[in-house]
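K.L.:
Below are the structure tokens for one structure; questions will follow.
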Amino acid sequence: MKESKYKSVLLVDDSYVDNLISRKIIEKSNFAEEITVISSPFDAINYLRNCLSSGTDLPEVIFLDIRMPEMNGFDFLKEIDLIAGFDRAKVKIFMLSSSLDPVDLRRTKENALVSKFIGKPLTNKALQEI
């Protein structure tokens with residue numbers, strides 16, 4: 001079996017269907033060995049905190065939706081930047097969204113935590129470009 005590009009990926013998206021599609025694409029492309037899917041941004045923040053407190057490796061890649069009902073992707077980024085021990089250099093964050101709002105796109109480009117904006121649905125081609 002072909003070796004995966006990354007050890008672990010975290011998908012943070014409130015859409016069950018989008019998560020299902022993204023997971024399948026990641027699996028089929030051998031992008032990551034482990035895929036964690038969390039539909040709540042609050043639960044994802046707690047997951048990252050637990051990784052750090054337990055000594056578990058953080059995911060190497062996070063795919064983050066922008067528009068979620070509890071907390072948007074930008075607020076999520078602010079929260080994880082406040083987590084003690086979170087090393088932004090070790091985690092690549094990609095905004096994965098269907099939003100074409102120019103304000104969202106600008107905010108994504110301006111945010112130092114975000115590596116790139118990727119339009120939904122996630123594709124094999126997009127993964128190859130990472």
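The values are calculated or read from the model by the stated rules, or taken from the named source; none is laboratory data. None of these values were measured; they are calculated from a predicted model. Glycine gets a Cβ as well: all are built from the backbone with ideal geometry, and neighbour counts include every protein chain shown. Please note that ligands, DNA and RNA were not included when accessible areas were found on the heavy atoms of the full protein model with its side chains. Shrake-Rupley method; radii C 1.70, N 1.55, O 1.52, S 1.80 Å.
K.L.:
So, counting K/R as plus one and D/E as minus one, what does the shell of residues with Cβ under 15 Å around E70 add up to?
P.N.:
Summing Lys/Arg as +1 and Asp/Glu as -1 gives -4.
K.L.:
State the Kirkwood hydrodynamic radius of region 1-91 in Å, one decimal place, computed from all pairs of distinct Cα atoms.
P.N.:
Answer for region 1-91: a Kirkwood hydrodynamic radius of 13.5 Å.
K.L.:
Using the heavy atoms of the protein chains alone and a 1.4 angstrom probe, what is the accessible area of the chain per residue in square angstrom?
P.N.:
55 Å²
K.L.:
Let me ask another. Using label points projected 7 Å from each Cα along Cα→Cβ, tell me how many nm separate A112 and Y16, to one decimal.
P.N.:
4.0 nm
K.L.:
Largest first, how would K90, K109 line up by accessible area (1.4 Å probe)?
P.N.:
K109, K90
K.L.:
Given R₀ = 41 Å, what would the calculated FRET efficiency be for K78 paired with T123, taking r from the Cβ atoms and rounding to 0.05?
P.N.:
Rounded to the nearest 0.05, the efficiency is 0.90.
K.L.:
With a cut-off of at most 15 other beta carbons within 10 Å, and DSSP calling the residue loop, which trypsin sites (Lys or Arg not before Pro) in region 1-64 qualify? Please list them.
P.N.:
Hits after loop and neighbour filter: K2.
K.L.:
Taking +1 at the Cβ of each Lys and Arg and -1 at the Cβ of each Asp and Glu, which of F94, M68, L82 sits farthest along the dipole of region 12-130 towards its positive end, judged by Cα position relative to the Cα centre?
P.N.:
The one lying farthest along the dipole's positive direction is F94.
K.L.:
Still on this model: For E34, what residues show an amide H to amide H distance below 5 Å, using hydrogens built from the backbone and excluding near sequence neighbours?
P.N.:
Sorted by chain and number, the residues that satisfy this are S8, V9.
K.L.:
Apply the Karplus parameterisation 6.51 cos²θ - 1.76 cosθ + 1.60, with θ equal to phi minus 60°, to every residue of region 100-106 and state each ³J(HN,Hα) to the nearest whole Hz, in sequence, with x for glycine and proline.
P.N.:
Result, ordered by residue: 10, 4, x, 5, 4, 5, 5 Hz.
K.L.:
If you don't mind, another one. Would you mind getting me the FRET efficiency between R23 and I130? Use the beta-carbon distance for r and R0 = 25 Å, nearest 0.05. Write down the numbers at each step before the final one.
P.N.:
Details: r = 16 Å, r/R0 = 0.64.
Working from the Cβ atoms, E equals 0.95.
K.L.:
Still on this structure, please answer the following. What does the charge count around T123 come to, taking other residues whose C-beta lies under 13 Å from its C-beta (Lys +1, Arg +1, Asp -1, Glu -1)?
P.N.:
The answer is +2.
K.L.:
Mind listing the long-range amide H neighbours of S29? Cut-off is under 5 Å, sequence gap 5 or more, other chains count too, H placed in the peptide plane at 1.01 Å from N.
P.N.:
Under 5 Å from the amide H of S29 lies no amide H from a residue far enough along the sequence or on another chain.
K.L.:
To continue, here is another question. Heavy atoms only, probe 1.4 Å: what % of the accessible area of the chain goes to carbon and sulfur, would you let me know?
P.N.:
Carbon and sulfur together cover 51 percent of it.
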